[in-house]
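Here the structure is laid out as C-alpha cells; the discussion comes afterwards.
Coordinate-derived values only; no laboratory data. Just so it is clear, the model here is predicted, and its values are computed rather than measured. Glycine also receives a Cβ, built like all others from the backbone with ideal geometry; neighbour counts cover every protein chain displayed.
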Amino acid sequence: MEVRLTVDELAARAGVTVRTVRFYGTKGLLPPPVLGARRVGWYGAEHLDRLGLIEELQRQGLTLAAIERYLARLPQDSTPLDLAIHRALVASWTPETPEEASRGQLERRAGRSLSEEQLDRLAAMGALERTADPEVFRVDPGLLPLGVRILDVPIPLETLLAARAVVVEHSRATARELQRLFRETVWRPFRESEPAPDDVERMKALTDHLQPMVAQALVTAFQKSLREELGEELGEAASEEQGEAAEGDSAASPDR
C-alpha cells in the first residue's frame, strides 16, 4: 500500500518533531520530498523507514557523520522494506529502550487502527508489550514499523512466536561467540602486553566504535542469507510447478 504523508504526518508516524525531519533533510540524510500541488512536499515509505533507521542508529550513539557513512554503504537499490529490516535488526543488537504509549499514540505511530488480534500479533513479534492498563503499551520503536508491515501478511501467530524465538536464540549465540573471539584474540593479548593507561582508554573507545560496524555486517549478512534461502525456496517451488504442468500436458496429449 502506497504511503503518502505530509511532513507533519511523517513526524507523527516516526515519533520525532518536524524540525528534526527538516534538519535531517538539510544534512542529506533524507531524500527530498516529492512536490505536489501548491508545492506541498509528500513523503513516502522510504522516508519513513530511513528516518526510523537514522533514529535507531542515534540510539546506538552514532554521530551524524557516522550515520551518513552507514547510510552511504547501503545498496543503492535498498527498498523501504530493506530499510525497515535494517532498523529492526540493528535494534535487536542494542539495549532495549521500550517507550510507553497510549493506544491512541500507538495507532498514530502505526498509521492505522489496531484490533485486539493485531495487538496480539505485534506482541508476538516483540514490537510491543501489554501492561496492566489495557490502553497503555510498552513499544519497541525499532521493531514496531516492521511489525506493522507484517500485520496483513497471512502468517499464523504460532509461526511469529517461533520465528521470534529463533532470532533471539541465534542473536544471543552470535553475540556470545563474537565477545569470546574479541576477548581471547584481541583484549587478552592487549592486557598481557601491560599497556599504558591511555592505551587502555583508547582500546575501550575502539570497542565502542566497532559495535555499529559489527551490527551492520550482521544485518547485511542476514539479509543476503535470507534472500538466498527465499530464492532457493521459490526456485524449487517454480520447478515443481513446471514439472507438474509438463506432466499434465503429457497426460492430456493423444497417443500417437
Kirkwood-type radius of the range 23-78, with distances r between different C-alpha atoms, in Å: 12.2 Å
The range 32-73 - charge dipole about Cα centre, Lys and Arg +1 at Cβ, Asp and Glu -1, debye rounded to 20: 180 debye
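Of all the Cα-Cα pairs you can form in the range 96-153, what percent are over 16 Å apart?
Values: 472 of 1653 pairs.
So the portion of pairs separated by more than 16 Å is 29 percent.
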Derived scalar couplings ³J(HN,Hα) [the range 126-131; Karplus, 6.51 cos²θ - 1.76 cosθ + 1.60; whole Hz; x for Gly, Pro]: x, 6, 7, 10, 6, 10
Shape call, the range 1-45: gyration tensor on alpha carbons, a/c limit 1.5: oblate
Inter-probe distance in nm under a simple model that places probes 7 Å from Cα toward Cβ, at Thr6 and Val40: 0.6 nm
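What is the dipole size for the range 96-153, taken about its Cα centre, with +1 at each Lys and Arg Cβ and -1 at each Asp and Glu Cβ, in debye to the nearest 20?
240 debye
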Amide H contacts of Glu100 (H built 1.01 Å from N, under 5 Å, at least 5 apart or other chain): Val139
